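Since the structure comes first, as structure tokens, the remarks are kept for the end.
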Amino acid sequence: MALNSLAFIGFFAIVFLLYWILQRHTRWQNALLLTASYAFYALCDWRMLPIPIVMTTAFCFLGKRIGELKASGADRKAAKLTTATVVIGLLPLLYFKYFGFFAQSFVSFIGMMGIHCSDVAFNILLPIGISFFTFRLLSYAIELNRGTIAPCNDPIAFGTYIAFFPTLVAGPIDRPQTFLPQLQTPREPSYDTLVNGLKRFVWGCFLKVCVADQLAVFVDNILDGYASQNMLTLVPATLLYPMQLYADFAGYSHMAIGASAMLGLKVAENFQRPFFAQNVAEYWRRWHMSLTSWLTDYVFLPLNVHWRDWRKWGVIAACTINMLLVGFWHGANWTFGLFGLYHALLFVPLILRGTMNKRRKIEWRHGMLPAATLLRMAGTYLLVTVGMLMFRSASVEEAFAIIAKMFTIGPLPQFDGKMALTAGSICMLVMWVNDWLEERDKGQGLLRGNKPLSIVLSLSVLILAVLLLHSSSTEVFIYQKF
């Protein structure tokens, strides 16, 4: 049940009404959210529902034990139990998401060594959202060991944090120290939170249906059929794919953030106009921010401290491991590993120059960007686009085959999706204008108006566009499979 489906809107409307009827009863509100979250997961795939329930229950008890050990001063025992808890949390993820891939890779490897082995098929069903709720669980255990939070003694609130339905399928990845306290305090509806939440939800739906899904018709047609294409179609399709992915994933994030806001809960931001980045480090500070910050805090920084005697080479080693994890987090395929390694290499010049953590401020001149700034942004976008091609390809061989085909010249090939490309391009222009205004004015872009009439008019235009283009869109979000 995707967030942009009529089924979800109906589901959310029922939860919304019941939720605010119970506004004076925080525990009952949380119980409703937990019930709704498990019902939502069951509607997506009821066969996998026991996995988040069992993992949540295990971490609830293990978390209490870690807290008890910390409180008694047994820090070493708490650290050992935390390590064991993290391993327990990772085991389902490693099995469901990666076991088949690495087993098949091992079979292929020994086959290359001349050892005959019969082909083995690994058809392991991937639980929805497992990467996202696993990282929430791990955060809880790690933060308990760090002493930044106390154990949650409310299993209903803890279960809601892990399985909160707007963010369950594709994030953002919230931290316990920011989300759990919200579940333990009374929540009342307000005009601002309801209206701003509705704005975010509708804007996210517009990005998904009117930008991502329309561009996908052209991009998928060209890149999936690359063998019969050439430079005239492959280059535009490759350049548009980052925009499609951004609109798709940011669209989901906006909808999740908006739905949460309408329930009186604030979740993590996931995007901050990434294509205004002037280098790859800044790009990753703006793209999938909840994942980037998670891996920075729990992987990169500890490794960087451990290898601090190596100076810049220690930073490079930590960054390489971090980016490889970023790549493989997305899926079990060597293309994701190549994607992560590619981005790690892009960090190397920044680390050697000592500019990785320096933020280059955007200087606006009469509401416009200087040519030098635009060139740096364009260069970063091109570098990101190459990585995105690896990210999208089904295999490493396919990625390089597409790149090779880009250098072939010929007549304009036939392709489908011209109308969708036109509609998607127009809506993409609206997205660009909105991001431009947000970046320049640090505001709400095209939906900044607070007067009731302007709100109704702007939302009506977006909803009309969604309704007109919904028939040619898909309800599946790209990041649902991660």
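Every number in this text was worked out from the coordinates using simple rules, so none of it is lab data. Since we're looking at a predicted model, the values are computed, not measured. With ideal geometry, Cβ positions are generated from the backbone for all residues, glycine too; neighbour counts draw on all protein chains shown.
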Cα pair count fraction exceeding 29 Å, expressed as % - the stretch 24-186: 29 percent
Packing rank of 437-449, 81-93, where each peptide gets the mean count of other beta carbons within 10 Å, highest leading: 81-93, 437-449
Net charge near ALA71: determine it from the other residues with C-beta under 11 Å of the C-beta of ALA71, scoring Lys and Arg +1 and Asp and Glu -1. +1
Protection proxy (average C-beta count within 10 Å per residue), highest first, orders 126-132, 182-188, 452-458 as 126-132, 182-188, 452-458
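Rounding to the nearest 20 debye, state how big the charge dipole of the stretch 393-482 is about its Cα centre with +1 on each Lys and Arg Cβ and -1 on each Asp and Glu Cβ.
Dipole magnitude for the stretch 393-482 comes out near 280 debye.
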Take every Cα pair under 8 Å in the stretch 193-481 that's 6+ residues apart, average their separations, divide by the length, and report that relative contact order as a whole percent. 30 percent
19 Å Cα-Cα reach of LYS442 towards aspartates and glutamates, excluding residues that sit fewer than 8 places from it in its own chain: ASP192, GLU269, GLU282, GLU363
Order the peptides 254-260, 282-288 from the highest to the lowest mean number of other Cβ atoms within 10 Å of their residues. 254-260, 282-288
Computed about the Cα centre, the charge dipole of the stretch 24-186 from +1 Lys/Arg and -1 Asp/Glu charges at the Cβ has a magnitude in debye, to the nearest 20, of 460 debye
Relative contact order of the chain, please, whole-number percent, based on alpha carbon pairs below 8 angstrom and at least 6 residues apart. 20 percent
The chain, helix-only ellipticity at 222 nm - DSSP H runs n ≥ 4, -39,500 (n - 2.57), divided by all residues, nearest 500: -22000 deg cm²/dmol
Treating cross-link reach as a plain straight distance, find the lysines whose alpha-carbon is under 30 Å from the alpha-carbon of LYS312, omitting any fewer than eight places away in the same chain. LYS358, LYS361
Could you please rank ASP154, ASP174, placing first whichever residue has the fewest other Cβ atoms within 10 Å of its Cβ? ASP154, ASP174
Report the charge-dipole magnitude of the stretch 193-481 in Debye, nearest 20, computed about the Cα centre from +1 at each Lys and Arg Cβ and -1 at each Asp and Glu Cβ. 1100 debye
So what's the net charge close to ASP174: Lys and Arg +1, Asp and Glu -1, counting the other residues with Cβ under 14 Å from its Cβ? 0
